[in-house]
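Shown next, in C-alpha cells, is the structure this report addresses.
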Amino acid sequence: MKPKNICSIGLLFFVMSYVLFSQGALNLQKPIDFAHWLNLIGAVLLFSFNFVFPKNTLNTLASFITALGVIAHIGLCTIDIIFWSFGNNEIQSEALSEHLSNTPSILYPFVIVGPSLLFVGLSIHALNFIKTEPIKVIMVLIGSIVIGLSFFLFKNGIFMLLGCILFALGLVLLVYRNEKINEQKI
C-alpha cells in the first residue's frame, strides 16, 4: 500500500476517534474503548507522513517531531484505555489520575506535551507548501490550533472534532495535491 493511502487511512481513523470523543461517555463503549483504539491506530498510521513529503531540512525536523508525537499518542492512548478499563470505579480512576499527576516523567511526555507534538510535526510538514498551497496549509494550522485550544482551554469536544476535520482535510489535500503543477512552481 502506498504511504499516501496509509496517511489517508490514518487521518480517517483519527477523525472517527474524534467523532466518538465529541460524544463523551467513553466509559460506556463496549466491548472495547473504540475511540482510543481508533485514535491509537490512526496515530501510528500518521507516521507515514514522514515519507510522503519532499525531503529537506524542514521535513527532517517535522519527521522527528511527528515521530515523538506518535510515540506520545501511543502512551496517551494506553493510559486512556487503562482508565476506560476501570468503568465506573471512581476510586481506581482517581487513584490513577493522582498518580499520573504526581509523576512528571509520565504526565508531561505522554499527557500534556507529547501528544501535541503529533499536530506540531504534521503542521511543520504542511509548512513546506506555504508558498504553493497556502489555503491548505492554513487549514492544517488553524485545525491544529483549534484542536489544542478546545482540548486544553475550552474542553469542548465539538470544537475539537471540527478542528480535527479541518486539520485532516488540509493534510489530505496536501498529500493528493497536483504534484506536476507544484513541481513547476518550485
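Quick look at the numbers
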item	result
Qualifying chymotrypsin sites (Phe, Trp or Tyr not before Pro) in region 33-139, DSSP loop, other Cβ atoms within 10 Å at most 11	none
Rounded tilt (10° steps) of 114-127 against the dominant C-alpha axis of the chain	10 degrees
P(r) of the chain over all Cα-Cα pairs, binned every 5 Å from zero, in whole percent	1, 9, 15, 21, 20, 14, 9, 6, 3, 1, 1, 0, 0
The chain: angle of helix 134-149 to the longest principal axis, Cα-based, in degrees nearest 10	10 degrees
Percent RCO, i.e. relative contact order, over region 1-88, from Cα pairs under 8 Å lying at least 6 residues apart	35 percent
Per-residue HN-Hα couplings for region 49-64 [Karplus 6.51, -1.76, 1.60; θ = phi - 60°; Hz; x = Gly/Pro]	4, 5, 10, 10, 9, x, 7, 7, 4, 4, 5, 4, 5, 4, 5, 5
FRET efficiency, 1/(1 + (r/R0)^6) with R0 22 Å, evaluated for Ile82 and Val19 via beta carbons	0.50
Lysine pairs meeting the criterion (Cα under 28 Å, 8 or more apart or interchain), as found in the chain	20
On Cα atoms only, tilt of 3-23 relative to the major axis of the chain in degrees	40 degrees
Length-normalised contact order of region 95-186 in % [C-alpha pairs under 8 Å, at least 6 apart]	24 percent
About the Cα centre, charge dipole magnitude for region 1-153 (Lys/Arg +1, Asp/Glu -1 at Cβ), debye	760 debye
Relative contact order computed over the chain (Cα-Cα under 8 Å; 6+ residues apart), in percent	25 percent
Filtered trypsin sites (Lys or Arg not before Pro), region 77-186: DSSP coil and at most 15 other beta carbons within 10 Å	Lys131, Lys155, Arg177
Residue with peak Gaussian network fluctuation, the chain [Cα springs, cutoff 10 Å], from His36, His99, His125	His99
Fraction of accessible area attributable to carbon and sulfur, region 63-186 (%, probe 1.4 Å)	71 percent
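The values are calculated or read from the model by the stated rules, or taken from the named source; none is laboratory data. As the structure is a computational prediction, the values presented were derived from the model and not from experiment. In this analysis, Cβ positions are derived from the backbone assuming ideal geometry, glycine residues included, and neighbour counts consider all displayed protein chains. Only protein heavy atoms, including side chains, enter the accessible area calculation; ligands, DNA and RNA are left aside. Shrake-Rupley method; radii C 1.70, N 1.55, O 1.52, S 1.80 Å.
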